């Protein structure tokens, strides 16, 4: 069974309310979701969401962000999974068939590190140059693209399918998420047997709701007006 794993922290627990509502609206309420965080939320999550505590929030400052992720990977058995953050709020229907195809591809080929489900790899040469990203065959009707080891942000935390053991092999303790994306990319560059792929169809599209590290200022500008209005009416955002 494919699971979506969502990483959160105590500072951003409130982001789970709009996340879960938009997720079930644009993905599916039958899709299993595991939320990995620290203090369980004081509010109920939808029935398809389960919360997994990694311990005390105080034990995992941002400088030990990678330690929490390592702990999670040691505690789950999923061979592959979709990984998201709690402020990746969906803004359009997900191509769930395409996501499943990418998941099955990652299960089949052990060299896969991650398959980006957004435009992160497609636009890795800049938004004007998606045509320059090398083609890497097909997965059903999906056109796969591959970025070379020296390409920036190979370890981007944008929504993707990951193989657990390969992700674990790249991680080291004591890194912030930003260090993981940059220094982790340097480590991936030395692991030429690992594949970082994406698709030209990018089956998942989401916004980044909280930017600049401020948990009190949600950016709703990329949501449609009706969804943004509903989230405000529910008082799920603090601003």
Zone reached by a paramagnetic label modelled 7 Å from residue 230 Cα along Cα→Cβ, restricted to the stretch 87-120 with backbone N below 19 Å, covers 87-96
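Using helices alone, what [θ] at 222 nm do you get for the chain, with -39,500 (n - 2.57) per DSSP H run of 4 or more residues, divided over all residues and rounded to the nearest 500? Spell out each step's value before the answer.
Details: 6 runs with 64 residues, N = 239.
For the chain, the value works out to -8000 deg cm²/dmol.
Over all directions, the average projected area of the alpha-carbon convex hull for the chain comes to how many nm²? Kindly include the intermediate steps, with their values, before the conclusion.
Numbers: hull surface 49.7 nm².
Computed as one quarter of the Cα hull surface, the answer is 12.4 nm².
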What relative contact order, as a whole-number percentage, does the stretch 4-233 give when Cα pairs under 8 Å and 6 or more residues apart are counted? 24
Förster radius 35 Å - calculated FRET efficiency between residue 53 and residue 92, Cβ distance, rounded to 0.05: 0.65
Cα-Cα P(r), the stretch 58-187, percent of pairs per 10 Å interval: 11, 42, 36, 10, 1
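When the chain is fully extended, how far beyond the present Cα-Cα distance does residue 222 get from residue 110, taking 0.36 nm per residue of separation?
On the way: separation 112, 0.36 × 112 = 40.32 nm, distance 3.57 nm.
Separation in residues times 0.36 nm, less the Cα-Cα distance, equals 36.7 nm.
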Expressed in angstrom, Rg and Dmax over the Cα atoms of the stretch 1-91 are 12.6, 35
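Stretched out fully, how many nm does the piece from residue 28 to residue 183 gain, at 0.36 nm a residue minus the Cα gap? It would help to have the intermediate numbers written out before the result.
On the way: separation 155, 0.36 × 155 = 55.80 nm, distance 3.48 nm.
In short, 52.3 nm is gained.
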So in the chain, what percent of DSSP beta bridges are antiparallel if you round to the nearest 5? 50
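Only the coordinates and a few stated rules stand behind these numbers; no lab work does. Source: prediction; values computed, not measured. Ideal geometry is used to build each Cβ from the backbone, glycine not excepted, and the neighbour counts take in all protein chains shown.
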